[in-house]
Amino acid sequence: MKKSTPQPVMEEQLLLRYVILRGEELLAEEDPTSGRVWRGLALTAAGHSPKQHEQLQELFFQLFPSERDRREMLVKALEVLREVREQLPEDLPTLDADPDGSLSPAFMGDLCFHAHSEGQRMLDENNFQFFSIWRCLVWVILRDASNPAKIEEFSGPADPDLTIDQKRSLVTEITEDLARMMA
């Protein structure tokens with residue numbers, strides 16, 4: 001009988017804070033582009049609000065050839081995400097990281113790059129507030145890469161049970177692994 005590996009979870013409030021903060025950072029760039037990972041996380045964050053989820057889908061599936069149009073799309077997406085945040089009920093369930101099916105190689109590369117960048121950012125800033133989101137992204141990568149030993153090792157104690165030093169150590173190790181995967 002195959003042993004089931006526990007999936008990491010993330011809180012919806014935290015995911016919304018994350019996509020809004022990263023979206024605002026994208027907007028501050030000279031030529032903003034929202035990657036597929038950010039758009040996917042934004043759609044996930046709006047998943048319990050059908051109207052806003054549909055608005056984001058419409059925004060994200062349009063073609064935006066100019067920098068001005070990309071900036072406008074980000075501004076509108078952030079407005080929708082803020083609406084979602086304002087409407088969140090107090091007792092939200094957690095979201096699990098298990099997507100349906102396996103990931104395409106191109107999306108896997110995007111996801112590895114995003115998780116690597118976020119891990120490096122946590123280490124550089126010594127700020128682990130979005131650790132559970134990063135952990136879910138990495139879990140999906142490891143699961144899709146069919147690395148059961150690494151998944152088992154990665155699926156240790158729940159986030160609140162980890163100290164900052166344990167989080168730093170885990171982020172350092174996995175970020176190095178992601179860099180090797182992308183090489």
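Within region 144-183, which residues are charged (D, E, K, R) and modelled with pLDDT of 70 or more?
If the condition is that a residue be charged (D, E, K, R) and modelled with pLDDT of 70 or more, then Asp161, Asp165, Lys167, Arg168, Glu173, Glu176, Asp177, Arg180 are the ones that fit.
Among the numbered criteria (1) closer than 23 Å to Leu16 by Cβ; (2) aliphatic (A, V, I, L, M); (3) at pLDDT below 85, which one does Met122 miss?
(3)
Residue-wise test of (1) modelled with pLDDT under 85; (2) in a helix (DSSP H, G or I); (3) among the aliphatic types (A, V, I, L, M).
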{"residue": "Leu95", "(1), (2), (3)": "yes, no, yes"}
{"residue": "Gly101", "(1), (2), (3)": "yes, no, no"}
{"residue": "Leu111", "(1), (2), (3)": "yes, yes, yes"}
{"residue": "Ser117", "(1), (2), (3)": "no, yes, no"}
{"residue": "Gln129", "(1), (2), (3)": "no, no, no"}
{"residue": "Ile133", "(1), (2), (3)": "no, yes, yes"}
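Within region 171-181, how many residues are open to solvent by less than 30 Å² (accessible area, probe 1.4 Å) and under 11 Å from Leu123 (Cβ atoms)?
So the answer is 3.
For the condition open to solvent by 10 Å² or more (accessible area, probe 1.4 Å) and outside any loop (DSSP other than H, G, I, E, B), what is the one hit in Gln55, Gln62?
Gln55
The values are calculated or read from the model by the stated rules, or taken from the named source; none is laboratory data. None of the values given here were measured: they were computed from a predicted structure. Please note: Cβ atoms are built from the backbone with ideal geometry, for glycine as well, and neighbour counts cover all protein chains shown. Side chains included, ligands, DNA and RNA excluded: accessible areas come from the protein's heavy atoms. Shrake-Rupley method; radii C 1.70, N 1.55, O 1.52, S 1.80 Å.
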